[in-house]
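To start, the structure itself, in structure tokens.
Please treat every number below as a calculation from the coordinates, not as lab data. The model shown is predicted, which means the values in this text are computed figures rather than measured ones. A quick note on method: Cβ atoms are made from the backbone with ideal geometry, for glycine too, and the neighbour counts reach across all protein chains shown.
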Amino acid sequence: MRRIAVGLLSAAVSGSLLLATGTASAERTALSVCIDSVNPNPVVVKDGQDTGVTVEVRTTEAARVELKFKPVSGRFRAQDVNTPKVMHEGDLWRFITSFDENDSEGRWVAIADAYDKDGRKVTDQVNFSVKQEQQEKTETRLTGFRAGPASVGKGRWVYFTGRLQADEDRGWRGVEDEEVAIYFRARGSSSWKWATSADTERRGRFEARARALRSGEYRAVYEGNRDLDESDSRSAWIRVWRR
């Protein structure tokens, strides 16, 4: 991937291919440009993946063509796109790029500028739309969360257990190989701070431990992934006493 400033895709054909001599030069057709198609339209970006887009532009007497993309409601923006592949066959210019989750949803405009060998320019533009489709995530839950012992000396271990489950067609099942974080909130505080983490094992079970420093409450938090939604557990209170 490389950054293309203001979404600019350009291609040029050698001026020698367009040179005419004698009467043919005097009778050449006027410079023109027309965007034939934006395919697909709408551009549907699914679950953050790249979606390939092909734009075909037809010209007469063009030595260079530049193609820009712009959201109708915004300014030109830079795009992360694959190295553009540009094919030129006679008067047909074909630009291939891609859109991803960073490209805004809604109406866009493709703008083609064609230049002849003397630098004269003509422009054409067409509208198309971009849709962002996010995959619906599976609901999760953290069950059976326990922290103990309920009363412990400062500096000793507090142990945590619980289970991460996902809601599937046949009911809740344990989820393996996912990270669950344990957060702590001290008595009198409003903020939660990370204490430790553990990976889920068979049937979604996890175990972890952390040093007891102050009285307060703990809870388990699962941040989710591409397919699974986030969730957190009920809190468990631990009293810490000085030895």
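Which lysines does Lys68 reach when only Cα atoms under 20 Å apart count, and residues fewer than 8 places away in its own chain are ignored?
Within the straight-line cut-off, Lys68 pairs with Lys85, Lys121, Lys131.
On a straight-distance basis, which lysines could pair with Lys154 in a cross-link, Cα separation under 23 angstrom, same-chain partners fewer than 8 positions away excluded?
Lys193
With θ taken as phi - 60° and the coefficients 6.51, -1.76 and 1.60, list the Karplus ³J(HN,Hα) couplings across the range 41-47 in order, rounded to whole Hz; mark glycine and proline as x.
Values per residue, Gly and Pro as x: 9, x, 8, 9, 9, 9, 6 Hz.
For Leu213, enumerate residues with amide H under 5 Å from its amide H, sequence gap 5+ or separate chain, H modeled in the peptide plane.
Gly155
Using Cβ counts within 10 Å as a stand-in for footprinting exposure, how do Thr123, Thr59 rank, fewest first? It would help to have the intermediate numbers written out before the result.
Details: Thr123 12, Thr59 24.
Result, fewest neighbours first: Thr123, Thr59.
Based only on the alpha carbon positions, what is the Kirkwood hydrodynamic radius of the range 140-241, in angstrom?
Details: mean 1/r = 0.0725 Å⁻¹.
Over the range 140-241, the inverse of the mean reciprocal pair distance is 13.8 Å.
Can you return the aspartates and glutamates within cross-link range of Lys117? Criterion is Cα-Cα under 12 Å, with same-chain partners fewer than 8 residues away left out.
Hits, sequence-local ones excluded: Glu61.
Please list, in order along the range 234-243, the HN-Hα scalar couplings obtained from phi with the Karplus expression 6.51 cos²θ - 1.76 cosθ + 1.60 (θ = phi - 60°), rounded to whole Hz, x for Gly and Pro.
Coupling constants for the range 234-243: 5, 8, 10, 8, 10, 9, 10, 10, 7, 7 Hz.
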